[in-house]
Amino acid sequence: MMPVVGLGAVLAVWLHVPALQQPAAVLELPGPRGRVGRVFVSPDGSRVAASASIETLAKDGGRTVNRVTGPEVFLWDARTGKVVKTVPHPDVFGGRTVALGFVDNGKALLVGELRSAADHRHRAVDAATGEEVKAPPFPDARGAAYQSADGAVVLAVHSPEFRKLQLRVWRRPFEGPPAVHDLAGSDLGGVGLSADGKVGMTAVREKGSQAASITVWDVPANKVARVIPTDSRGFSPAAALSPDGAAVVGRTDGRLTVWETATGKPAGRPLAVNLWGASFAGDGRTLVGVTAGRGIAVVDVATGRVRQVVASPLENPSVTAFPGGKRLVVVGGPANDERHVRVIDLPDPPQGGRAGR
């Protein structure tokens with residue numbers, strides 16, 4: 001009798017997917033026990049920041065109730081896992097704080113504070129000490145900030161009317177009025193800036209519409225370089241720009257695709273696996289993301305081949321890569337309102353792990 005081979009085994013052989021590995025090290029970032037927002041890693045990889053809520057069980061008249069505090073902003077030491085600073089939420093109904101990104105070449109973390117629809121403020125926290133420093137005056141606290149190596153800053157925020165998104169670009173760190181561009185959408189799916197400050201990226205979708213797109217920006221010329229159309233299924237925070245600005249990744253037709261920013265054409269071969277929540281790692285030649293099996297895959301952009309698959313320390317993970325590409329921030333948990341944060345070190349790829357289709 002011939003042995004029966006499972007479909008999963010056949011596909012694994014056909015795709016040459018490497019065997020599942022365990023992380024080389026796992027570091028807990030304490031604090032969050034609820035929802036966790038966008039994660040940011042400082043340019044030197046020494047700090048991690050995210051907005052997160054804390055859920056606790058408390059007694060109320062003999063009943064056990066779930067109480068939510070936050071969201072607050074956590075700033076962690078990525079080497080030790082210790083909390084450097086917690087920026088509390090405003091003591092007003094519906095108030096919250098959000099992490100917007102590292103600025104001043106990673107020396108400070110920009111934090112937005114929302115007190116009401118008309119009262120938005122900013123704080124800047126020293127990334128090394130957690131002490132508050134002077135923050136730039138922005139008219140809106142929501143969005144995401146990115147800074148290039150030469151100090152240029154890109155910030156995507158809601159316009160004053162809260163109906164459209166705007167892209168604001170400072171060629172010097174928060175000095176003088178920025179260049180302002182209205183974006184053709186109201187939902188932000190991603191914003192990025194290359195390390196040299198020359199290429200920007202925004203991914204937006206019009207609320208309630210099937211139309212979505214990724215826009216590549218020529219930052220020095222202050223103009224749109226090209227628009228890459230996607231669809232509503234392609235709209236997700238997976239949209240990301242490579243550190244060198246040469247490629248952008250997003251989702252279209254239900255699959256993850258990498259495009260060349262210079263031409264708008266697909267870069268390399270199609271990916272051997274479909275990833276969710278992918279981001280570029282290291283020099284931009286690799287992607288890290290979550291597979292359908294909830295493993296963390298490292299994929300070669302040029303060949304589409306899977307270099308390695310690493311087990312996640314948390315359920316339902318999402319990942320953010322460190323600049324060096326060998327460490328990842330993993331956010332996960334049994335439910336969206338019960339998330340935790342870990343930092344993992346990737347092991348060396350297995351022998352023969354450069355396989356692909």
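The values are calculated or read from the model by the stated rules, or taken from the named source; none is laboratory data. In this text the structure is predicted, and so the values were computed from the model without any measurement. Accessible surface areas use protein heavy atoms only, side chains included; no ligands, DNA or RNA. Shrake-Rupley method; radii C 1.70, N 1.55, O 1.52, S 1.80 Å.
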Tell me, what HN-Hα J-couplings in whole Hz come from the Karplus equation 6.51 cos²θ - 1.76 cosθ + 1.60 at θ = phi - 60° for each residue of segment 300-313, using x for Gly and Pro? 6, 5, 5, 9, x, 8, 7, 7, 7, 10, 10, 5, 7, x
I'd like the Kirkwood hydrodynamic radius of segment 211-353, using the inverse of the mean 1/r over distinct C-alpha pairs, in Å. 15.6 Å
Amide H contacts of residue 108 (H built 1.01 Å from N, under 5 Å, at least 5 apart or other chain): 103, 127
Can you run phi through the Karplus equation (6.51, -1.76, 1.60; θ = phi - 60°) for segment 270-284 and list ³J(HN,Hα) in whole Hz, with x for Gly and Pro? x, 5, 6, 10, 8, 10, 10, x, 7, 9, 6, 10, x, 8, x
Round to the nearest 10 and report in Å² the accessible area of residue 44, as given by a 1.4 Å probe over the protein chains' heavy atoms. 110 Å²
Taking 32 Å as the cut-off for C-alpha to C-alpha distance, list the pairs among 198/326; 82/134; 85/223; 85/326 that go past it. 85/223
